[in-house]
Amino acid sequence: MADAAGILIVGDVIDGQLGSTSKELLAAGRQIANNLNESVSIALLGSSTETAGTQAIESGADIVYLVNNPALESYHIDFHLAALKSLVDEISPRIILMGRTAEGRELAPRLAFRLGVGLAQDCLEVSIDTSNQTLLANRPVYGGSAVAVVSCEQTPQIAAIRPKAYEPLETDSNRSGETVSFPVELDTSIAKTKVTNVVKEESEGVKLEDARIVIAGGRGLGGPEPFSDLQNLADILGAGVGASRAAVDSGWVPYSYQVGLTGKTITPEIYITVAISGASQHMAGCSGSKVIVAINKDSEANIFKDAKYGVVGDWETILPAFTETVRELTQD
Amino acid sequence: MPLKIGVLAKQVIDPDMPTAAFSIDATAKEVTVPSTIPPVVNGFDENAVEAALQIKDSQEATVTVISSGPSFALDVMKKPLSMGADELVLIQDDGFKNTIDSFFTARLLSSAIEKLGGFDLIICGRQASDWDNAQVPLGVAELLGVACISLGRKVDVTPNSVIVEKIIPDGYEVVEADLPALVTVSNELGQPRYPTLRGIMAATRKKPTIWSASDLDLDAASLEPRLKLHDLFVPERDQICEIIEGDDDADSARLLALKLREAKLI
Ligand SMILES: Cc1cc2nc3c(=O)[nH]c(=O)nc-3n(C[C@H](O)[C@H](O)[C@H](O)COP(=O)(O)OP(=O)(O)OC[C@H]3O[C@@H](n4cnc5c(N)ncnc54)[C@H](O)[C@@H]3O)c2cc1C
């Protein structure tokens, strides 16, 4: 693939609209495309992707590939992989950017293996070494205790980018771009797995990923009951409720509450932690918060290294007083 | 015929070690830990062993644990045996230092799996707690061409298929695949069982099979590095925390609320 060029973004379409992951990836793609002086294309898989295609151009894409086949209607890893492989073989991109979303966690590594190339996993930042057109990726390792700078040795160079690591660009309805229909043939017998049931265990109230304020509890809460106190406070503030893995592992709240490396990645304006120690794997999911507030009885706890405001003390006294004051303040 | 289950496991630096013990050798681009902190079997891989043993509890099955690495602490890597696994295969080679290259590792492990005659079901941890790559199991599935289901919290088998509760951000999906298949599991599977005294005794008597790269059928192309490590460093944290102190805890709490209000955060 000596003539490989350009950046391909693997996009997401949600209910016919361009997903936020696509917009973040387009922002990352634009930045490196400008350094390389090459174009940014985006692959949108499924049908009814025209609206999302227009939005992709407004958000930074030069070329939109509408990859279509009836089998791509809903997400299935085997069909998505095969379709992406066909597109990549056809257009030979230099770089592929994907999102490390629930689907991307599986799609990115498997695409890389299928292509026989490396993958820079879970990146926070990508840049170009213009001397050799190499993609340099910064990615947290050891649960976030360290950062590795890696590059891929073969082409295409693939990076999976952590959700919310990039801010979408301002949309510009004057941007122009090209839309290409790319029908693919898919043999339906390649589907090796089948989803037979979907069970939702949504956390109550405001959705964690979209919340402007998140209040999260950890092992120090000692049981499931205090989470209803956190929920009370959250209700007053219109906030979402999250948890550390220790609280989830203890069975106090379902996995959908978990914030961190192996849970959700959130970037609220304010993240209030109650009895969470601030392990690097937890912080991996919330370090993009604008302001972190810590309530913890141990003044040496790691969380105070990331927090802007902290109170050292027992949550059993602090939380009721805090909630009461917040209620008074937000009433007027 | 007993169900043949393979479990892939990695030896890692203990992720629960004190933060102060964690340091980086910048020249070697390696994490170093004091020798007083022994390595562990990657936590999610212990979940994988547990998932395999749960199947073995209810039907005839053999569980073979396979690991690759530059060197092993045998007593550590024997833990799955003492939990109840039947066999341990260690692929050890000084040249395996670059464990960040998932392609290489997946290639080694899939060759070993083929040399062992393949498995009906391969169970792996969702990711290793050192490089957090979450790639090797998916790569092994790709290289072997078997069905792959990731992030299982419950794994059941029927005579021909595997049924997995797969974690999704807001709940779970029930996913089915025909055997042979590969499944990755997460900690939601539950606490791995503790080794029993009998298990520990049995494990001491068991000898692992030890292979090196030359024992495996590896073509030159698959050994070419896929990733290059340029730098490894500890990220700077420049946040300064303002500790709010009132007359007592309740007063501090009130002051905190006022502070956040003042900063227009709430
Ligand atoms: C590969 C890997 C992935 C992981 N992924 C995640 C992840 O996605 N999310 C995650 O959260 N963790 C994750 N972890 C686990 C992580 O390393 C920590 O173990 C976990 O975050 C600890 O949760 P915690 O802070 O609630 O508990 P602890 O670390 O036990 O902290 C409890 C805190 O509560 C405080 N406390 C106790 N009582 C009180 C009181 N009365 N008043 C005030 N404070 C009190 C204590 O001082 C302490 O700081 C992962 C680990 C590994 C190895």
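The values are calculated or read from the model by the stated rules, or taken from the named source; none is laboratory data. Nothing here was measured: the structure is a model prediction, and the numbers come from that model. Cβ sites come from the backbone with ideal geometry, for glycine too, and all protein chains shown count toward neighbours. To get the accessible areas, we keep the full protein, side chains included, count just its heavy atoms, and leave off ligands, DNA and RNA. Shrake-Rupley method; radii C 1.70, N 1.55, O 1.52, S 1.80 Å.
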For this session: Name the residue, out of B:I123, B:I100, B:I149, that is within 14 Å of chain A (Cβ to nearest Cβ) and either in a strand (DSSP E or B) or farther than 30 Å from A:C152 by Cα (or both).
Result: B:I149
Exercise. So how many residues does region A:131-151 have that are within 17 Å of A:L36 (Cβ to Cβ), without any contact (Cβ under 8 Å) to a residue 60 or more places away in the chain and open to solvent by less than 10 Å² (accessible area, probe 1.4 Å)?
Worked result: 2
Exercise. When you scan region A:260-304, how many residues do you find that are in a helix (DSSP H, G or I) and either small (G, A, S) or out of contact with any Gly (no Cβ under 7 Å at 6 or more places or on another chain) (or both)?
Worked result: 1
Exercise. Out of the residues in region B:153-167 that are surrounded by 18 or more Cβ atoms within 10 Å (Cβ to Cβ) and over 16 Å from B:L3 (Cβ atoms), which is nearest to the other protein chains (Cβ to nearest Cβ)?
Worked result: B:I167
Problem set entry | Candidate set: region A:240-257, residues that are more than 9 Å from every other protein chain (Cβ to nearest Cβ) and open to solvent by less than 10 Å² (accessible area, probe 1.4 Å); chosen: the one nearest to the ligand (Cβ to nearest atom) | A:A247
Exercise. In region A:106-130, what residues are surrounded by fewer than 24 Cβ atoms within 10 Å (Cβ to Cβ) and free of Cβ contacts under 8 Å to residues at least 24 places away in the same chain?
Worked result: A:D129
Problem set entry | Selection from region B:251-266 of residues that are open to solvent by 50 Å² or more (accessible area, probe 1.4 Å), more than 7 Å from chain A (Cβ to nearest Cβ) and of a type outside the set (A, V, I, L, M, F, W, C) | B:E262, B:K264
For this session: Assess whether A:R100 counts as being closer than 27 Å to A:I266 by Cα, in contact with a Gly (Cβ under 7 Å, 6 or more places away or on another chain), among the charged types (D, E, K, R) and surrounded by fewer than 24 Cβ atoms within 10 Å (Cβ to Cβ).
Result: no
For this session: Sort out which residues of region B:87-130 are of a type in the set (A, V, I, L, M) and farther than 20 Å from B:L74 by Cα, and write them in order of number.
Result: B:I100, B:A106, B:I113, B:L116, B:L121, B:I122, B:I123
Problem set entry | Subset of region A:262-308 that is charged (D, E, K, R) and within 7 Å of the ligand (Cβ to nearest atom) - its residue that is surrounded by the most Cβ atoms within 10 Å (Cβ to Cβ) | A:K297
Seminar exercise, completed: Checked against (1) open to solvent by 40 Å² or more (accessible area, probe 1.4 Å); (2) in a helix (DSSP H, G or I); (3) not aromatic (F, W, Y), A:L169 satisfies every condition except (2)
Exercise. Any idea which residue in region B:37-70 is most open to solvent (accessible area, probe 1.4 Å), counting only those that are at pLDDT 95 or above and in a loop (DSSP other than H, G, I, E, B)?
Worked result: B:E60
Exercise. Taking region B:177-223 as the search range and keeping residues that are β-branched (V, I, T) and within 16 Å of the ligand (Cβ to nearest atom), which one is nearest to A:Y255 (Cα to Cα)?
Worked result: B:V185
For this session: Could you please give the count of residues in region A:227-249 that are more than 22 Å from the chain's Cα centre (by Cα) and farther than 18 Å from A:G278 by Cβ?
Result: 11
For this session: Select from region A:90-145 the residues that are under 22 Å from B:V140 (Cβ atoms) and over 16 Å from the mean Cα position of the chain (by Cα) and list them in ascending order.
Result: A:I96, A:R110, A:L111, A:A112, A:F113, A:R114, A:L115, A:G116, A:V117, A:G118, A:L119, A:V141
For this session: Specify which of the listed residues (B:G199, B:G190, B:G171) is at pLDDT below 95 and closer than 30 Å to B:V76 by Cα.
Result: B:G190
Seminar exercise, completed: Taking region A:206-223 and the residues there that are within 22 Å of the chain's Cα centre (by Cα) and over 16 Å from A:I292 (Cβ atoms), the one that is most open to solvent (accessible area, probe 1.4 Å) would be A:D210
Exercise. Yes or no: B:E188 of a type in the set (D, E, K, R), without any contact (Cβ under 8 Å) to a residue 12 or more places away in the chain, facing chain A (nearest Cβ under 7 Å) and open to solvent by 10 Å² or more (accessible area, probe 1.4 Å)?
Worked result: no
For this session: Scan region A:224-235 and give yes if some residue there is within 16 Å of the ligand (Cβ to nearest atom), open to solvent by 60 Å² or more (accessible area, probe 1.4 Å), free of Cβ contacts under 8 Å to residues at least 40 places away in the same chain and not in a strand (DSSP E or B), otherwise no.
Result: yes
Exercise. List the pairs whose first member sits in region B:225-250 and is facing chain A (nearest Cβ under 8 Å) and closer than 28 Å to A:N296 by Cα, whose second member is of a type in the set (A, V, I, L, M, F, W, C) and assigned to a loop (DSSP other than H, G, I, E, B), and whose Cβ atoms are under 6 Å apart, counting only residues at least 6 apart or on separate chains?
Worked result: B:C241/A:A307
Exercise. Do you know which residues across region B:207-224 are among the hydrophobic types (A, V, I, L, M, F, W, C), open to solvent by 50 Å² or more (accessible area, probe 1.4 Å) and in contact (Cβ under 8 Å) with a residue 24 or more places away in the chain?
Worked result: B:I210, B:L223
Seminar exercise, completed: Filtering region A:309-329 for residues that are more than 8 Å from the ligand (Cβ to nearest atom), at the interface with chain B (Cβ under 7 Å from one of its Cβ atoms) and assigned to a helix (DSSP H, G or I) leaves a count of 6
